[in-house]
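Reading through the structure tokens given below for one structure.
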Amino acid sequence: MKKGLFAAAAIIALSFTACKKSESGNKSVLKSDNTAQTVNDSITDPNLQYETDVNGKKYIKTDFVYKATDGSLAKVVFDYKEKTMSIRSNNKTFILNKVDSKGNESVYEKMDMKATVKGDSLILDQGSNIIELVKTKI
């Protein structure tokens, strides 16, 4: 009886010490900062997003995956130095130049294609085709 009681007390004690939650969290999770930031202390871009790696070093996140209303995916890469964005979908890549940025909205254009980026949404306007995309968390 004493051995059984001792074993049960030991198991309960171990379960309390083994199940403590750590306040520091998962070190491999990247944290994002979605506030409007500057690139090279001169270019303000409301869609600029910083990520923090496991060592605490900040870097600019430039590539995102967007999902259209029909379920298709597109990879969008922003080049803040060149002021361009490239959209890749169905093995086709379109590179658009930044023409305007006001508030939290940026507009990119090239020939008949226009892209408006506002927060997590991206609206492509190509002639009579309007495609709405939303940033995914892949």
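The values are calculated or read from the model by the stated rules, or taken from the named source; none is laboratory data. None of these values were measured; they are calculated from a predicted model. Virtual Cβ from ideal backbone geometry, glycine too; neighbours counted across all protein chains shown.
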Go through (1) part of a loop (DSSP other than H, G, I, E, B); (2) within 17 Å of the chain's Cα centre (by Cα); (3) modelled with pLDDT under 60 and name the single condition residue 32 misses.
(1)
Of the residues in segment 68-88, those that are surrounded by 15 or more Cβ atoms within 10 Å (Cβ to Cβ), over 18 Å from residue 104 (Cα atoms) and among the hydrophobic types (A, V, I, L, M, F, W, C) come to 68, 74, 87
Among residues of segment 113-138 being part of a strand (DSSP E or B), in contact (Cβ under 8 Å) with a residue 60 or more places away in the chain and within 13 Å of residue 68 (Cα to Cα), the residue farthest from the chain's Cα centre (by Cα) is 131
All strands (runs of 3 or more DSSP E) inside segment 50-112 with 1 or more residues being over 19 Å from the mean Cα position of the chain (by Cα) and at negative phi:
92-102, 105-110
Per the filter on segment 54-67, residues closer than 17 Å to residue 115 by Cβ, at pLDDT below 90 and surrounded by 12 or more Cβ atoms within 10 Å (Cβ to Cβ) are 62, 64
